[in-house]
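The structure appears below as structure tokens.
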Amino acid sequence: MRFQHLTTALAVGVSAHLAQAAGLHDAAVAKGLLYFGTATDNPELTNTSYVTQLNNTGDFGQITPGNSQKWDSTEPSQNEFSFTNGDVIADLADANDQKLRCHNLVWHQQLPNWVSSGSWTNETLTAVLQNHITNVVKHYKGRCYAWDVVNEALADDGSYRDSIWYKTIGEAYIPIAFAAAAAADPDVKLYYNDYSIEWGGAKSTAAQNIVKLIQSYGGKIDGVGLQAHFTVGQTPARKDLASNLKAFTDLGVEVAYTEVDVRMETPATDANLQQQSTEFSNIVGACLDTEGCVGVTIWDWTDKYSWVPSTFPGYGAACPWDENFEKKPAYQGILEVLGGWIALRLLFV
């Protein structure tokens, strides 16, 4: 009888512990990742129910500011810097002891007019680039786990995007940007970040060549962020995702999935929601399968604030929580591949 009581008490105690530890981040860390996280943005921080879940460190051990650290927010006028909105999210991460992935320093979009319409030479635009990176990185020095230094430098075919940076400076703008970031904060991880590099092909190869380019300059690059904006039914198999990740880690850098969502035609069907769950599981599983993959970030956690419907009309339902903040099958799928639900079920077999 005493043994039976002890067994029951042990099961209850272990069950309670696992229930507390079975969030996405807790489960990811238990599997050897550094974090599971989410993007967020300033406007949604007025929603108290949203913030309550964002503060749930069992699910989210890392956050990324969606827009408030981009160039148009941080340097709207030349050499006049504004960090108010970015600081709000950095402060939130500090308060919750969440890692902060800082995003981003150099991109062809969301540039203020003074940059995009300026009359630049190689020398003058290089100076502007270095000045911007130096000021922004120094402001957040010691607060970021990583910086997405250069974002989306490649066109869909793997050629360099015809941005103001490439047209004026050439490919050297990339190692120049990484060198400026390294000088401003020698300890922060420096990433190249892009989409459609999650499977083998011309664009993935070109991203690998960017890593080699920076290394050829003697520069510091610590990681590659693979955004992983997918569509239901078109996500590569887990083994193929993992094989592609390894192509990057073989270059001596870490990798992370940085902006994950899996969109579908709306209204969502049960079949698509189940397929979405499988595909989220495969993405997270590929990271688990790859030594050097450090974490996964979803591009906001709720459909209510997803960027997808405004960018891809007729598509949405891309996140693991729905518009009412209810967990979808994708949440359970992610947790299962991380071992969270499995551990709980084993107690009652």
### Task
Confirm whether ASP261 is of a type in the set (Asp, Glu), in contact with a Gly (Cβ under 7 Å, 6 or more places away or on another chain) and surrounded by 24 or more Cβ atoms within 10 Å (Cβ to Cβ).
no
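Could you tell me whether region 192-204 includes any residue that is under 15 Å from ILE174 (Cα atoms), touching a His at 6+ places or on another chain (Cβ under 8 Å) and touching a residue at least 60 places away in the same chain (Cβ under 8 Å)?
Taking region 192-204 first, the residues under 15 Å from ILE174 (Cα atoms) are 192-194.
Filter again for touching a His at 6+ places or on another chain (Cβ under 8 Å), leaving 193.
Subsequent filtering for residues that are touching a residue at least 60 places away in the same chain (Cβ under 8 Å) retains 193.
Within region 192-204, one or more residues are under 15 Å from ILE174 (Cα atoms), touching a His at 6+ places or on another chain (Cβ under 8 Å) and touching a residue at least 60 places away in the same chain (Cβ under 8 Å).
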### Task
Say whether the condition of being over 30 Å from ASN42 (Cβ atoms), open to solvent by 10 Å² or more (accessible area, probe 1.4 Å) and assigned to a helix (DSSP H, G or I) is met by at least one residue in region 282-293.
yes
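Does THR48 satisfy the criteria of being in contact with a strand residue (DSSP E or B) (Cβ under 9 Å, 6 or more places away or on another chain) and not small (Gly, Ala, Ser)? Give the steps one after another, and end with the answer.
On the way: in contact with a strand residue (DSSP E or B) (Cβ under 9 Å, 6 or more places away or on another chain): no; not small (Gly, Ala, Ser): yes.
The answer is no for THR48.
Determine which member of the set GLN109, GLN69 is buried (at least 20 other Cβ atoms within 10 Å of the Cβ) and assigned to a loop (DSSP other than H, G, I, E, B).
Working: GLN109 fails: buried (at least 20 other Cβ atoms within 10 Å of the Cβ).
That would be GLN69, the only listed residue that is buried (at least 20 other Cβ atoms within 10 Å of the Cβ) and assigned to a loop (DSSP other than H, G, I, E, B).
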### Message
Condition first: outside any strand (DSSP E or B), acidic (Asp, Glu) and open to solvent by less than 10 Å² (accessible area, probe 1.4 Å). Now tell me which residues in region 175-200 satisfy that.
### Response
ASP185, GLU198
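Restricting to region 248-264, name every residue that is farther than 11 Å from GLY292 by Cβ and among the aliphatic types (A, V, I, L, M).
Filtering region 248-264 down to residues farther than 11 Å from GLY292 by Cβ leaves 257-264.
Once the filter is applied, which keeps residues that are farther than 11 Å from GLY292 by Cβ and among the aliphatic types (A, V, I, L, M), region 248-264 yields VAL260, VAL262, MET264.
Hey, among the residues in region 96-106 that are open to solvent by 30 Å² or more (accessible area, probe 1.4 Å) and charged (D, E, K, R), which one's nearest to THR74 (Cα to Cα)?
Start the filter on region 96-106 by keeping residues that are open to solvent by 30 Å² or more (accessible area, probe 1.4 Å), which leaves 96-97, 99.
Now narrow it down to the ones that are charged (D, E, K, R): 97, 99.
On the way: ASP97: 24, LYS99: 21 Å.
This residue is LYS99.
Is it the case that some residue within region 123-138 is in a loop (DSSP other than H, G, I, E, B), surrounded by fewer than 22 Cβ atoms within 10 Å (Cβ to Cβ) and of a type outside the set (D, E, K, R)? If you could, list the steps in order and put the result at the bottom.
In the first step, residues of region 123-138 are kept if they are in a loop (DSSP other than H, G, I, E, B); the result is none.
No, region 123-138 contains no residue that is in a loop (DSSP other than H, G, I, E, B), surrounded by fewer than 22 Cβ atoms within 10 Å (Cβ to Cβ) and of a type outside the set (D, E, K, R).
The values are calculated or read from the model by the stated rules, or taken from the named source; none is laboratory data. Just so we're clear, the structure is a prediction, and the values are computed from it rather than from any experiment. Cβ atoms come from the backbone with ideal geometry, glycine included; neighbour counts cover every protein chain shown. Keep in mind that these areas ignore ligands, DNA and RNA; they rest on the heavy atoms of the full protein, side chains included. Shrake-Rupley method; radii C 1.70, N 1.55, O 1.52, S 1.80 Å.
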